[in-house]
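*Asks:* Here you go, one structure.
Values in this text are rule-based calculations from the coordinates and carry no lab data. Every value quoted in this text rests on a predicted model; they were computed, and no experiment measured them. Cβ: placed from backbone, ideal geometry, glycine included. Neighbour counts: every protein chain shown.
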Amino acid sequence: VGRSIIEIILLGSRVVGRAFAAALREEYAASQQAAKNRQQSSSGSGASDSDQSGTASAISGLSLKEAMQILHVENLEDKSRIQHQYDHLFGVNDRKKGGSFYLQAKVFRAKERIDQEIGQQTVDPIAAFSQRMPVVQIEKAALCQCLNRKDFTDDEVDELCFEFGLELDEVTSEREMLAKEQGDAKAAQMGDQLSDAVIYKIEVPANRYDLLCVEGLSRALMVFQSLAQPPLYKAVQPAAGMKQMRVAPSTAQIRPYVVCAMLRNLSFTPASYKSFIDLQDKLHQTICRQRSLVAIGTHDFDTLTGPFLYEALPPSDIVFKPLNQTKEFSAVELMQLYSGESHLKAYLPIIRDSPVYPVIKDANGVVLSMPPIINGDHSKITLNTKNVFIEATATDAHKASVVLDTLVCAFSQYCSEQFTVEAVQVNYPDGRASIYPSLAYRQVDIQVDYLRKGVGRSDSQLTIDEICNRLTRMCLVAKATSDATVSVTVPPTRHDVLHPCDVLEDLAIAIGYNNLEMSLPPTLCTGKQQPLNSLTDKLRLEVAFAGFTECLTFALCSEKDISERLRLPLDSLPAVRIANPKTLEFQVARTSLLPGILKTVHSNRSLPLPLKLFEIQDVVYKSTDSSGSAVNSRQLAAVYYGKSSGFELIHGLMDRIMQVLGVPVDQYKLSATEVATYFTGRCANVLYKGSSVGTIGVLHPETLAQFDLTLPASAFVFDVE
């Protein structure tokens, strides 16, 4: 009975711990996205104080108001009071005094958030941009107008979003957003400058670039509600000849591609102008990969003279007045100027180390932009701009074309001739002449039986005419070419449609997920846990019964973690490398659980000693055959960290594991060996039937020093499989 109770407690605590960790990650991602949404700056414009404050909240996970409430302070200028409250609350919540580590952490984060506000520490906008799906803000009045409704309840909007495959993230207003971020006092101070109009924040799929702005979202909902027909986009070539963009050979050294387009006779309102800037920012953060793949520049064409030149020059040869500046700077000076600017400094490394920087000029030598950093002030667009020249430089020609199509399709509705874009010819050094935007419509032929089977409908339940009507509501105009085939026209806004299954997904959305009938699969079988996972759970319990605490660490780590920190040569490890790692911390798939556990020990070394931690998870190796694939292997590792090495305890745990696995004494033994990770003369191979399945020993002091650990430790690592 006692053993069963312990097992229940351990299982429960592990589930709660994992759920708590997941909740923290979700809350952290949510706060990051909220801060990012407040950064409504244009390409190359500076971040305001409120932008920095919002981004600081994303990093700490607390708004300024919440931080002040936690420390019970009212005046940010009273630094002595802040410090006194922090010292007091941090001390009384010390675990050694019977306090709560969770509350102690909250106090620490609150102090950190207030320190950031006082010092106005700049935060990297790319680091603060979360990996959640993008969120589009649309005012309730605008939504009602486009859908011909007098009013909407919040539940009706939520239901409409669900029917269209979206999610209503939040119902708020300008005043509520500011109050939540900077406090009620700040919101009251702004007075009538803030609107109380209801704003819906709608979360859209990351691959639906056409829904990243109010214009695209509202138009898609209108078509979905059968209130409008899908628009027909077209790129026209003016009778007087297309504008020309010449690409110099020097651009091949840095950003070899450029695409262009013209929006003629545009009519901006304050709302549409703000949306135009916001869409560029969202595209930069998503498909453009923070401007590393594509950088967008928009210009007032009436201030320029064609043809245009795209070239790459040494930084000292580029001199112009950048956006929102009053004097000219060289490119070298600009890199220094923006190194301390919170919004733009994150983009500087994209070109900083290049011998040449890209630049776009008009026929008079006026600099339009130095992508991907900043636009020129001479051609900046305003509310009065009528003709917009759009250029996008890139390292990926396809991505650039997708970005250009998305931008011009969304805002061509404000042109005097709706949904019409003026084409621009780009002349490359090899003699190629490309015309942009492409605005190409694609035809996809799909078998009707495939669509019916995918949504679980029979011939009588889903006719061809109904299929065509429902797909048209998703802006995929469809026509029956025979009794068995449907031809679907994919517009230039839907670059997310790549395969027939994408069309099937839209059909399911148009029918309604709640209207799809649930049915049992035709093949019936009895499900059970995989033998390896079953064994893993049993081992996990046995190690926990022995007094060790399980930790869960990242499956990705740095090359340094598995090599230099373990005193092992990197070339000797069959590591699977990430081709385009986002950070240096996640370069390879882990080949050992040991670095992750030692990092956990480092993060918890202030807790009472000894620390006894273990982990049982997969590691990844590069396959030894010629396929070049990767293989997973289940590994168990345990570490004892305290005032003594505790080798006898680690050894005893290994013996216990072999005992519960039923390994006969004559088939398991330790054999002395030398592994650089472990102390010389204090290391052994774990042998099973004469073959090595792991290592055990006292960790080398230099290994511990790599993880900033000063006390001795012992560990074992072995292959469960």
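*Asks:* Among M335, M370, which comes first, then next, by fewest other beta-carbon atoms within 10 Å? Write out the running numbers ahead of the final one.
*Replies:* On the way: M335 19, M370 27.
Listed from fewest to most nearby Cβ atoms, that is M335, M370.
*Asks:* Based on the mean of other Cβ atoms within 10 Å per residue, sort peptides 447-453, 304-310 so the most packed one is first. Before the final figure, lay out each step's value.
*Replies:* On the way: 447-453: 15.9, 304-310: 18.4.
Highest to lowest by the protection proxy: 304-310, 447-453.
*Asks:* Taking 8 Å as the Cα distance limit and 6 or more residues as the minimum spacing, I'd like the relative contact order of the stretch 331-448 as a percentage. Provide the component values of the computation, followed by the final result.
*Replies:* Values: 79 pairs, mean separation 12.8, N = 118.
So the answer I get is 11 percent.
*Asks:* Oh, and also: Among the DSSP beta bridges whose two residues both lie in the chain, what percent are antiparallel, rounded to the nearest 5? All intermediate terms of the calculation are to be shown ahead of the outcome.
*Replies:* Working: 92 of 104 bridges.
Here the antiparallel bridges make up roughly 90 percent for the chain.
*Asks:* Mind pulling the angle between the C-alpha long axis of helix 594-603 and the longest principal axis of the chain? Nearest 10 degrees, somewhere in 0 to 90.
*Replies:* Between the helix axis and the principal axis of the chain, the angle is about 90 degrees.
*Asks:* Also, quick follow-up: What angle, in degrees between 0 and 90 and rounded to the nearest 10, separates the Cα long axis of helix 531-545 from the longest principal axis of the Cα atoms of the chain?
*Replies:* 60 degrees
*Asks:* If contacts are Cα pairs under 8 angstrom and at least 6 residues apart, what is the relative contact order of the chain in percent? Kindly include the intermediate steps, with their values, before the conclusion.
*Replies:* Working: 1268 pairs, mean separation 72.7, N = 721.
Value for the chain: 10 percent.
*Asks:* Using a Förster distance of 25 Å, how high is the FRET efficiency between L232 and D445, based on the Cβ-Cβ distance and rounded to 0.05? Intermediate results must be reported in sequence, preceding the final value.
*Replies:* Numbers: r = 21 Å, r/R0 = 0.83.
Efficiency at R0 = 25 Å is approximately 0.75.
*Asks:* From the square roots a ≥ b ≥ c of the eigenvalues of the alpha-carbon gyration tensor of the stretch 242-400, which class results: rounded (a/c under 1.5), prolate (a/b over b/c), or oblate? Can you show the working numbers first?
*Replies:* Working: a/c = 1.32, a/b = 1.24, b/c = 1.06.
Here the stretch 242-400 falls in the rounded category.
*Asks:* Would you please give the FRET efficiency between E176 and N515, computed as 1/(1 + (r/R0)^6) with r the Cβ-Cβ distance and R0 = 30 Å, to the nearest 0.05?
*Replies:* Values: r = 35 Å, r/R0 = 1.17.
Given R0 = 30 Å and the Cβ-Cβ separation, E is 0.30.
*Asks:* Right, something else. Could you list H284, H700, H651 in order of exposure, starting from the residue whose Cβ has the fewest other Cβ atoms within 10 Å? Before the final figure, lay out each step's value.
*Replies:* On the way: H284 23, H700 20, H651 17.
Taking fewest neighbouring Cβ atoms as first place, the list is H651, H700, H284.
*Asks:* While we're looking at this one, here's another question. Whose amide H sits under 5 Å from the amide H of A630, counting only residues 5 or more places off or on another chain, with H placed in the peptide plane?
*Replies:* S623
*Asks:* Using the Karplus curve 6.51 cos²θ - 1.76 cosθ + 1.60 with θ = phi - 60°, what ³J(HN,Hα) values do you get for each residue of the stretch 246-261, in whole Hz, with x for Gly and Pro?
*Replies:* For the stretch 246-261, the Karplus-derived couplings read 9, 9, 7, x, 5, 5, 4, 6, 9, 9, x, 10, 8, 10, 9, 7 Hz, x marking Gly and Pro.
*Asks:* Quote to one decimal, in nm, the extra length available between V665 and N265 on full extension: 0.36 nm per residue of separation minus the C-alpha distance between them.
*Replies:* Numbers: separation 400, 0.36 × 400 = 144.00 nm, distance 8.66 nm.
Here the answer is 135.3 nm.
*Asks:* Distance in nm between label sites at N533 and C501, each 7 Å beyond Cα in the beta-carbon direction?
*Replies:* 2.1 nm
*Asks:* Leaving out same-chain residues fewer than 8 places away, which lysines sit with a Cα under 24 Å from that of K201?
*Replies:* In chain and number order, the partners are K36, K65, K140, K150, K180, K186, K274, K282.
*Asks:* Continuing with this model, one more query. Multiply the residue separation of A141 and Q69 by 0.36 nm, subtract the distance between their alpha-carbon atoms, and state the gained length in nm to one decimal. Walk me through the numbers on the way to the answer.
*Replies:* Values: separation 72, 0.36 × 72 = 25.92 nm, distance 3.47 nm.
Stretched out fully, the A141 to Q69 stretch lengthens by 22.4 nm.
*Asks:* Let me ask something else. Which one, (i) 57, 35, 29; (ii) 51, 34, 29; (iii) 55, 34, 24, gives semi-axes √(5λ) of the Cα gyration tensor in Å as derived from the coordinates shown?
*Replies:* (ii)
*Asks:* Counting only residues 5 or more places away or on other chains, whose amide H sits under 5 Å from the amide H of T549 once H atoms are built in the peptide plane?
*Replies:* So T549 has HN proximity to K612, L613, F614.
*Asks:* Consider a paramagnetic label point 7 Å from the Cα of D151 along Cα→Cβ; state which residues of the stretch 172-209 have an amide N under 18 Å from it.
*Replies:* Residues passing the 18 Å test: 172, 196-200.
*Asks:* Oh, and also: Could you sort 508-517, 614-623, 268-277 so that the peptide with the highest average Cβ count within 10 Å comes first and the rest follow in order?
*Replies:* Details: 508-517: 13.9, 614-623: 18.4, 268-277: 16.1.
Final packing ranking: 614-623, 268-277, 508-517.
*Asks:* Under the 0.36 nm per residue contour assumption, what length would be gained going from the current alpha-carbon distance of K453 and A248 to full extension? Walk me through the numbers before you get to the answer.
*Replies:* On the way: separation 205, 0.36 × 205 = 73.80 nm, distance 5.27 nm.
In short, 68.5 nm is gained.
*Asks:* From the phi of every residue in the stretch 523-530, what ³J(HN,Hα) in whole Hz does the Karplus formula 6.51 cos²θ - 1.76 cosθ + 1.60 yield, where θ is phi - 60° and glycine or proline is x?
*Replies:* 9, 9, 8, 9, x, 7, 6, 4
*Asks:* Using 21 Å as the Cα-Cα cut-off, could you pick out the over-long pairs in K345/K582; K321/K361; K560/K643? Mind dumping the intermediate values first?
*Replies:* Values: K345/K582 17 Å; K321/K361 13 Å; K560/K643 27 Å.
Cα-Cα > 21 Å for K560/K643; rest within.
*Asks:* What does the highest-first list of 173-179, 689-695 look like by mean Cβ count within 10 Å?
*Replies:* Working: 173-179: 18.3, 689-695: 13.6.
For the peptides 173-179, 689-695, the packing ranking is 173-179, 689-695.
*Asks:* What FRET efficiency do you get for L337 and D317 if R0 is 22 Å and r is their Cβ-Cβ distance, rounded to the nearest 0.05?
*Replies:* Values: r = 18 Å, r/R0 = 0.80.
Efficiency at R0 = 22 Å is approximately 0.80.
*Asks:* Please tell me the relative contact order of the stretch 442-514 in percent, rounded to the nearest whole number, where contacts are Cα pairs under 8 Å and at least six residues apart.
*Replies:* On the way: 86 pairs, mean separation 27.5, N = 73.
The value is 38 percent.
*Asks:* While we're looking at this one, here's another question. Taking neighbour Cβ counts within 10 Å as the exposure measure, how do L687, L462 sort from fewest upward?
*Replies:* Ordered by Cβ neighbours within 10 Å, fewest first: L687, L462.
*Asks:* In degrees from 0 to 90, rounded to the nearest 10, what is the angle of the helix 49-60 Cα long axis to the longest principal axis of the chain?
*Replies:* Tilt of helix 49-60: around 30 degrees.
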